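J.: Supplied in structure tokens, the structure appears directly below.
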Amino acid sequence: MNLLIIGLGSIARKHIDALHKALPMERHTIYALRSGRGSNKAVEGVISVTSLNELDLKDIDFAIISNPTSAHASTVESLLPYRIPLMVEKPVFDTPAYPDIIKQTEDDGTLTYVACNLRFLDSLSFLKTYLEGKRVNEVNVYCGSWLPGWRPGTDWRKCYSAIPSLGGGVHLDLIHELDYLYWLFGMPLDSRSTLRSVSSLGIEAIDYANYCLTYEGFCASVILNYYRRDYRRTIEVLTDEDTITADLATNTVTNSTGTILFESEQRVADTYTAQMKYFTTLVKEHARSSFNGLATANDILKICL
């Protein structure tokens, strides 16, 4: 397959690795459109270009948009005339203010998918099936991690996560939690949030987010932060019969007595491969939509912001 990547940072390299693992028997030609503002270091197996004019875009099977969030909308818009299937790294945009772009992809039948790889985590997939038909009374979601440890060897204060103008902030970085709640339970009836930047990290971007999502029969609480040193990522669901907890860090699901209902050796890194298999299958089948296209992801972004 011929792949175009816009932005060749760490997440783009995860997608490249996932492509090779998802389709190990196929040859891939990978082009990367690079701005030149970051590292110009060559990447093995990747052909760097500085302009779309250097490529015959009719030969590109799909594109991955993984540049800073603030540039997603303009990048999608620049590729729309070519009707290339698009995988857009989450979050879809930095603001839900681009209805014309979304409408054009739908009118043209352009395949879009916003990459929220936790939908492919085994424990969440199990939880989704396990909860079918059960009465839910309360949901509590928590994700706390240590931003300075995210990208070893780099100045975390200068990465996009710490800079609001580039689309940084824990609410956008960890939009996964809002995304999988949508995937599990659908769109909430109402949402309220508290977004703050007051921790000892001393960054301008949001480093604490607290959401309350209202559903028909229950409320879901979501807490996200950048400053927790001991990583924790869980969803707790209180049903009529039990309390079910999915630990995303260990990929396990337990009940209130600690009994393991499900466990998997899958790592979060493996979800990128599963995600790539899903998307490339859609590309090969000439699909016109995915289960997380621009419109869906934009609705989730509205909750986030």
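The values are calculated or read from the model by the stated rules, or taken from the named source; none is laboratory data. From a predicted model like this one, the values you see are computed outputs, not experimental measurements. Cβ placement follows ideal geometry from the backbone for every residue including glycine, while neighbour counts extend to all protein chains displayed. In case anyone asks, the SASA skips ligands and DNA or RNA and just uses the protein heavy atoms, side chains included. Shrake-Rupley method; radii C 1.70, N 1.55, O 1.52, S 1.80 Å.
J.: Count, please, the residues in the range 74-97 that happen to be crowded, with 18+ Cβ neighbours inside 10 Å and either under 16 Å from the mean Cα position of the chain (by Cα) or at positive phi (or both).
T.: Going through the range 74-97 one residue at a time, the tally reaches 10.
Yes or no, residue by residue, for (1) of a type outside the set (A, V, I, L, M, F, W, C); (2) more than 15 Å from LEU305 (Cβ to Cβ):
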{"residue": "PRO148", "(1), (2)": "yes, yes"}
{"residue": "CYS159", "(1), (2)": "no, yes"}
{"residue": "HIS171", "(1), (2)": "yes, no"}
{"residue": "ILE175", "(1), (2)": "no, no"}
{"residue": "LEU178", "(1), (2)": "no, no"}
{"residue": "PHE185", "(1), (2)": "no, yes"}
{"residue": "LEU189", "(1), (2)": "no, yes"}
{"residue": "VAL198", "(1), (2)": "no, yes"}
{"residue": "GLU204", "(1), (2)": "yes, yes"}
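J.: Could you please find all residues in the range 153-185 being open to solvent by less than 60 Å² (accessible area, probe 1.4 Å), at pLDDT below 95 and hydroxyl-bearing (Ser, Thr, Tyr)?
T.: Residue satisfying the conditions is SER161 alone.
J.: How many of the residues making up the range 186-230 are surrounded by fewer than 19 Cβ atoms within 10 Å (Cβ to Cβ), among the aromatic types (Phe, Trp, Tyr) and not in a loop (DSSP other than H, G, I, E, B)?
T.: Total meeting the criteria: 1.
J.: SER51 fails exactly one of the following numbered conditions: (1) at pLDDT below 95; (2) open to solvent by 50 Å² or more (accessible area, probe 1.4 Å); (3) not acidic (Asp, Glu). What is the number of that condition?
T.: So SER51 meets the others, but not (2).
J.: Would you check which residues across the range 231-268 are more than 22 Å from the chain's Cα centre (by Cα), β-branched (Val, Ile, Thr) and assigned to a loop (DSSP other than H, G, I, E, B) and list them?
T.: THR257, THR259, listed by residue number.
J.: Condition first: under 24 Å from ILE64 (Cα atoms) and open to solvent by 70 Å² or more (accessible area, probe 1.4 Å). Now tell me which residues in the range 109-151 satisfy that.
T.: TRP150
J.: Give the residues of the range 152-176 that are over 17 Å from the mean Cα position of the chain (by Cα) and of a type outside the set (Phe, Trp, Tyr), sorted by residue number.
T.: If the condition is that a residue be over 17 Å from the mean Cα position of the chain (by Cα) and of a type outside the set (Phe, Trp, Tyr), then PRO152, GLY153, THR154, ASP155, ARG157, LYS158, CYS159, ALA162, ILE163, PRO164, SER165 are the ones that fit.
J.: Suppose we filter ASN255, ASN251 for residues that are free of Cβ contacts under 8 Å to residues at least 40 places away in the same chain, farther than 13 Å from ASP179 by Cα and not hydroxyl-bearing (Ser, Thr, Tyr); which single one remains?
T.: ASN255
J.: Counting just the residues of the range 107-141 that are assigned to a loop (DSSP other than H, G, I, E, B) and of a type in the set (A, V, I, L, M, F, W, C), which one comes out farthest from ARG232 (Cα to Cα)?
T.: By that ranking, first place goes to LEU111.
J.: Six or more apart or on different chains, Cβ atoms under 7 Å: show the pairs whose first residue is in the range 42-70 and at positive phi and free of Cβ contacts under 8 Å to residues at least 40 places away in the same chain and whose second is open to solvent by less than 40 Å² (accessible area, probe 1.4 Å) and of a type in the set (Val, Ile, Thr).
T.: Listed pairs, sorted by first residue: GLY45/ILE30.
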